[in-house]
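The values are calculated or read from the model by the stated rules, or taken from the named source; none is laboratory data. Since this is a predicted model, take the numbers as computed values, not measurements. Because the Cβ atoms are built from the backbone with ideal geometry, glycine has one as well, and the counts that use them run over all protein chains shown. Note: areas computed on protein heavy atoms with side chains; ligands, DNA, RNA excluded. Shrake-Rupley method; radii C 1.70, N 1.55, O 1.52, S 1.80 Å.
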Amino acid sequence: MEFSNIREVIKNEPRYRTDQIMRAVFVDLVEDWDKVTGLSKKLREELKKKCPLEIKGEIFISSNEDSVKVLMPLVDGKLIETVLMMYKGERNSVCVSCQVGCPMGCKFCATGKMGLIRDLTTDEIVSQVLFFSRYLKKEKKRVRSVVFMGMGEPFANYENVIGAIRLMHDPKGLGLGARRFSISTCGLVKGIQKLAKEELDVNLAISLHASNDTIRRKIMPVAQTYTIKELLEVVDDYIAVKHRKVMFEYLMISDLNDRDEHALELAKLMKGKLYVVNLISYNSTGEFKSSTQKRMKHFKNILEENGVEVTIRYRFGRDIQGACGQLATEKGKHQ
Ligand code: SF4
């Protein structure tokens, strides 16, 4: 969808038209301009031509129906993935992509292997959430939160990510509260510093995935630029401004970062701060294997015994290649 084209089409219309159209697109979630009967036929025809409402996507539903992945073709034929995660209590969350591929090259990540192909526009980011807003509407449900944990590094496409959040936060848009957005970064400190200056109080998550620099450098090239100490200093500055907890994502990879000594090392880094650790079971992508559930629970216990707040995230949709980039990489091979 091209929201920017809508602005162009209605630039000479009275101001109330904008509200009318925003409501139709983001609240009524119309998929056909002819359904917006308050607009003249001429305007509807122009909108149909210049701003078609169709958002294409191939849908994959996990066997236990807790997640739905859509493979979305963009105007240039590139493919991105977006995942809807359905938690108990109707806490439907959409995990969006912000780039086609990713420049950060994390070794455990299928998207990282693609390299950066291009940034997504603000419209392309918002369209992913709109796709699932329409999908859930059919079940009388709503998108409750949006996480930037799909393909791409959000701070490598900062302006478009923040622009998309602003549009979705707009009460005339999807009207999602700022705290319903989470941005996950692999640790681009300049992005964290910029976010600290934003008025919007969104949630920040850091992909840490290692308890020391030696292991982090093995799996995350960004660790060659910033040490964990430097990263945590910037996070602490962020917390001093925002007074909000920061989540540290930790993928549990067998025999790499999941031993007792790593848990103790991680506990030392995390203890006594406004930090929460989120242990994530890993969807193997070849080179690395996931830790067992028993190991994850043991790792969690060590952290808790050492005073760290910690949660475990069950990985959604293993049977639909739930890890980001797996499906787009596979399908992309056959394009
Ligand atoms: S884990 Fe995130 S930052 Fe790292 S390569 Fe994959 S998409 Fe990029």
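Taking all protein chains in place and a 1.4 Å probe, what share, in percent, of the accessible surface of the chain do carbon and sulfur account for?
51
Longer than 24 Å from Cα to Cα, which of LYS229/LYS297; LYS78/LYS197; LYS49/LYS78; LYS242/LYS271; LYS194/LYS268 are they? Say none if no pair is.
LYS229/LYS297; LYS78/LYS197; LYS194/LYS268
All other residues with a Cβ under 15 Å from the Cβ of LYS194 taken together, and with Lys, Arg as +1 and Asp, Glu as -1, what is their net charge?
That works out to -2.
Can you give the local net charge around ALA263? Use residues other than it whose beta-carbon is closer than 11 angstrom to its beta-carbon, Lys and Arg +1, Asp and Glu -1.
Net of charged neighbours comes to -2.
At R0 = 22 Å, how high is the FRET efficiency between ARG134 and TYR16 if r is their beta carbon distance? Nearest 0.05 is fine.
0.35
Keeping all protein chains in place, calculate the accessible area per residue for the stretch 175-309 (probe 1.4 angstrom), answer in Å².
Accessible area per residue, the stretch 175-309: 46 Å².
Keeping every protein chain present and rolling a 1.4 Å probe, give me the accessible area per residue for the stretch 67-126 in Å².
Computed with neighbouring chains in place, this is 34 Å² per residue.
Let a ≥ b ≥ c be the square roots of the eigenvalues of the Cα gyration tensor of the stretch 1-54; is it rounded (a/c under 1.5), or, if not, prolate (a/b larger than b/c) or oblate?
In terms of gyration-tensor shape, rounded.
Just to be sure I understand: of the beta bridges DSSP finds with both ends in the chain, what percent are antiparallel, rounded to 5?
In the chain, approximately 45 percent of DSSP beta bridges are antiparallel ones.
All other residues with a Cβ under 12 Å from the Cβ of MET104 taken together, and with Lys, Arg as +1 and Asp, Glu as -1, what is their net charge?
+1
Rounded to two decimal places and with Rh computed the Kirkwood way over Cα pairs, what is Rg over Rh for the stretch 1-120?
Looking at the stretch 1-120, the ratio lands at 1.06.
Which lysines, on any chain, are close to LYS42 with Cα under 19 Å apart, when same-chain ones fewer than 8 places away are left out?
Correct list for LYS42: LYS11, LYS50.
What length, rounded to one decimal in nm, is gained on full extension from HIS298 through to ASP170, with 0.36 nm per residue of separation minus their alpha-carbon distance?
Contour length minus Cα-Cα distance gives 41.8 nm.
Treating the beta-carbon of each Lys and Arg as +1 and of each Asp and Glu as -1, no other charges, what is the dipole magnitude of the chain about its Cα centre, to the nearest 20 debye?
Here the chain has a charge dipole of around 560 debye.
Given contacts defined as C-alpha pairs under 8 Å and at least six residues apart, what's the relative contact order of the chain, whole-number percent?
Relative contact order for the chain comes out at 15 percent.
Rounded to the nearest 0.05, what FRET efficiency do ARG23 and SER63 give with R0 = 41 Å and r taken as the Cβ-Cβ distance? Could you check?
Working from the Cβ atoms, E equals 0.65.
Relative contact order for the stretch 1-54: what percent, with Cα pairs under 8 Å and sequence separation of 6 or more?
Relative CO of the stretch 1-54 lands at 49 percent.
Rounded to a whole number of µm²/s, how large is the Stokes-Einstein D of the chain at 25 °C and 0.890 mPa s, given Rh as the Kirkwood radius over C-alpha pairs?
Here the translational diffusion coefficient equals 117 µm²/s.
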